[in-house]
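What follows is a single structure, written as C-alpha cells, with notes after it.
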Amino acid sequence: MARDTFLPFSPPCVGEEEINEVVDTLRSNWITTGPKTRQFEAEFAAYLGAPGALALNSCTAGLHTVLVTLGIGPGDEVITTPMTFAASVNVIEHVGARPVLVDVEPDTLNIDHAQVEAAITPRTRAILPVHYAGHPVDLDAIYELAREHGLHVIEDAAHALPAKYKGRFIGSGSKELWILMAAMRGTRSSLARIRCGQLTEISKSGSRC
C-alpha cells in the first residue's frame, strides 16, 4: 500500500521537555557554548563511562581536531573504510595526509582488520574505523594491530550511540582518543571525547575534561 505522507529520513523525537530546554536557553542570554553545553558534556560522559566529553558542531570538526592533535599531516597515511560518509576521508586529506581505503567485512560492512594489516606501511600513523550502522567494529583486533605497529586508533562512532562492544558502551573506558557523533541518528548532537589535556594546544578554552 502506497504512503500518502512524506517519509522523513531521520525524524527527531522532540517533545515538550526538549522545547522547554530550548526556550530556557534562549532566555538565559547564552546562545552559544555555555552552562548547558557543559552540563550536556558532563552528563553524556557519565552516561558512557568516559573520563570527559567535548561538544563540537559536527563529527567532521571532531575528526579534524583529533588528527591535528595527534600531529598527523603531510607524508602520513591513515587507514579507513570506504563505507562511510565523505567526512571520514575529507578530514584526512584536509590535514595533508593520505587516506588509504581498505575493504569491509561482507556480513557487518565494518572495516576488515585483515585488510587493515595488509595496508600498513612505514607511513601509516593511524587507523580510523567506522562503527557502521550501529554495529561495533572488531575492536580487539584493531587495537592489537595498533599496539603491534605503534598506531593511533580514531573511532568514528557516528552510528554507534548507544551500541556496546563486549558489554561496554562505545566511547567508554580509558583509551587515548575517541570520536563520538550522533548528528542525524536521533539525538541531533555531536561530540568528541578526549582525555584531559589532549586539546590544550588546539584551544586553551576548548578542553572541559
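Every number here is computed from the coordinates shown, using simple stated rules; none is lab data. Everything quoted here is computed from the prediction, not taken from an experiment. Counting neighbours? That spans all protein chains shown, and the Cβs are built from the backbone with ideal geometry, glycine included.
Summary table
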item: Volume of the Cα convex hull of the stretch 34-192, divided per residue and given in Å³; result: 105 Å³
item: Estimated inter-spin distance, Glu144 and Glu93, nm [label 7 Å along Cα→Cβ]; result: 3.4 nm
item: Dipole of the stretch 34-192, positive direction: furthest Cα of Ile111, Ala158, Tyr47, with charges on the beta-carbon; result: Tyr47
item: Ranked packing of 48-61, 97-110, most packed first, by mean Cβ within 10 Å; result: 48-61, 97-110
item: Cα centre as origin, Lys/Arg/Asp/Glu Cβ charges: the stretch 41-147 dipole, Debye; result: 420 debye
